[in-house]
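K.L.:
Sharing a structure with you now.
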Amino acid sequence: MKPDRDKAFELLKKYNSSEALIMHALAVEGAMRHFAKINGEDEEKWGIIGLLHDIDYQMYPTEHCIKAKEILEENNIDEEYIHAVQSHGYGLCCDVEPVHKMEKILFTIDEITGLINACAIMRPSRSVLDLELKSVKKKFKDKAFAAGVNRDVIAQGADMLGEDLDYIITETIMGMREVAEAIGLKGSL
């Protein structure tokens, strides 16, 4: 089954009560929808995959991407969605390789949304709406800033996509801007 957005969001909330994890899922959803749009792909599908990508993280952090398969299968979600969700953990917590462009984008932007979020909340405006590429690039180089963000995964993903890191960062910011209010990053603007 290909879930609709409302069902996917209900499923996400069934397994995740953490506001931070839900906000992260919404940020990734927004960025995935944006990338789908600029690639002429199915925004609903890409967005739902972004929304569900960490479905198992709160309840099963040591089995991340493994339990996701079980949860999604139990809910009759199409294998294509399951593969995409699992593939964002490639080389980190599972061996499901990102094959399609959508999967490679998810692999890449999962971590970068965390860095962008951290950059936005440090701004006087506390907003992604006025965040620029140069600010994120500066913080990307500072390994102590948002230390939990795996910069190697971001670089690996950009290489996998054959895309420039500046492009990935810029377009991820644009996608997050589209959902700024929903993810708490509208700030004072």
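Readers should treat all values here as calculations from the given coordinates under stated rules, not as data from a laboratory. This structure is a prediction, so every number in the text was calculated from the model and none was measured. A quick note on method: Cβ atoms are made from the backbone with ideal geometry, for glycine too, and the neighbour counts reach across all protein chains shown.
K.L.:
Return the single residue from His53, His100, His24 with maximal mean-square fluctuation; model: Gaussian network over the chain, springs between Cα atoms under 10 Å.
P.N.:
With Cα springs under 10 Å in the chain, the top fluctuation among His53, His100, His24 is at His100.
K.L.:
Still on this structure: Which whole-Hz ³J(HN,Hα) couplings does the stretch 80-93 yield from phi under the Karplus relation 6.51 cos²θ - 1.76 cosθ + 1.60, θ = phi - 60°, glycine and proline marked x?
P.N.:
Karplus values, whole Hz, x for Gly and Pro: 4, 5, 4, 4, 4, 4, 5, 5, 6, x, 4, x, 10, 9.
K.L.:
Among Asn16, Asn76, Asn150, which one moves the most in a GNM of the chain with springs linking Cα atoms closer than 10 Å?
P.N.:
Top of the fluctuation ranking is Asn76.
K.L.:
By its C-alpha gyration tensor, with a ≥ b ≥ c as the square roots of the eigenvalues, how is the stretch 102-189 shaped: rounded for a/c under 1.5, else prolate for a/b larger than b/c, else oblate?
P.N.:
prolate
K.L.:
For the stretch 118-126, what does the Karplus curve 6.51 cos²θ - 1.76 cosθ + 1.60, with θ = phi - 60°, yield as ³J(HN,Hα) per residue in whole Hz, taken in order and with x for Gly and Pro?
P.N.:
4, 4, 5, 6, 8, 6, x, 7, 6
K.L.:
Using a ≥ b ≥ c from the Cα gyration tensor of the chain (square roots of the eigenvalues), is it rounded, prolate or oblate, where a/c under 1.5 gives rounded and otherwise the larger of a/b and b/c decides, a/b for prolate?
P.N.:
Prolate.
K.L.:
Moving on. Would you mind calculating the gained length between Asp6 and Lys134 on full extension (0.36 nm times residue separation, minus the Cα-Cα distance), in nm to one decimal? It would help to have the intermediate numbers written out before the result.
P.N.:
Working: separation 128, 0.36 × 128 = 46.08 nm, distance 3.57 nm.
Length difference between fully extended and current span is 42.5 nm.
K.L.:
Among Ala68, Tyr81, Leu106, whose Cα lies farthest out toward the positive end of the dipole of the stretch 54-129, if unit charges sit on the beta carbon of Lys, Arg (+1) and Asp, Glu (-1)?
P.N.:
Going by the Cα projections, it comes out as Leu106.
K.L.:
Give, rounded to the nearest 20 debye, the magnitude of the charge dipole that the stretch 5-177 has about its Cα centre when Lys and Arg contribute +1 at Cβ and Asp and Glu contribute -1 at Cβ.
P.N.:
Details: 21 positive and 31 negative charges, 196 e Å.
About 940 debye.
K.L.:
I've got another one for you. Just to be sure I understand the model, the point goes 7 Å from the Cα along the line to the Cβ. What's the resulting Met122 to Glu181 distance in nm?
P.N.:
Between Met122 and Glu181, the label points sit 2.8 nm apart.
K.L.:
Students often check this: by mean Cβ neighbours within 10 Å, which of 67-73, 138-144 ranks highest, and how do the rest follow?
P.N.:
Values: 67-73: 18.6, 138-144: 12.1.
Ranked by mean Cβ neighbours within 10 Å, highest first: 67-73, 138-144.
K.L.:
If you don't mind, there's one more thing I want to ask. With contacts defined as alpha carbon pairs under 8 Å and 6 or more residues apart, what's the relative contact order of the chain in percent?
P.N.:
Values: 287 pairs, mean separation 45.7, N = 189.
Taking the mean separation of contacting Cα pairs over the length of the chain, I get 24 percent.
K.L.:
Let me ask something else about it. May I ask for the distance between the Cα centers of the stretch 87-139 and the stretch 141-177, given as a whole number of Å?
P.N.:
What the calculation gives is 5 Å, centre to centre.
K.L.:
Here is a follow-up. Using θ = phi - 60° and the Karplus curve 6.51 cos²θ - 1.76 cosθ + 1.60, what whole-Hz ³J(HN,Hα) does each residue of the stretch 16-32 get, with Gly and Pro shown as x?
P.N.:
So the Karplus estimates, Gly and Pro as x, are 9, 9, 5, 4, 4, 5, 5, 4, 5, 4, 5, 5, 5, 4, x, 5, 5 Hz.
K.L.:
A follow-up question, please. Nothing charged except the Cβ atoms of Lys and Arg (+1) and of Asp and Glu (-1): what's the magnitude of the dipole of the stretch 1-101 about its Cα centre? Round to the nearest 20 debye.
P.N.:
Numbers: 11 positive and 20 negative charges, 54 e Å.
Approximately 260 debye in magnitude.
K.L.:
Further, regarding this structure: Most mobile of Met102, Met59, Met23 per a Gaussian network model of the chain (Cα springs, under 10 Å)?
P.N.:
Its mean-square fluctuation being the largest, the pick is Met59.
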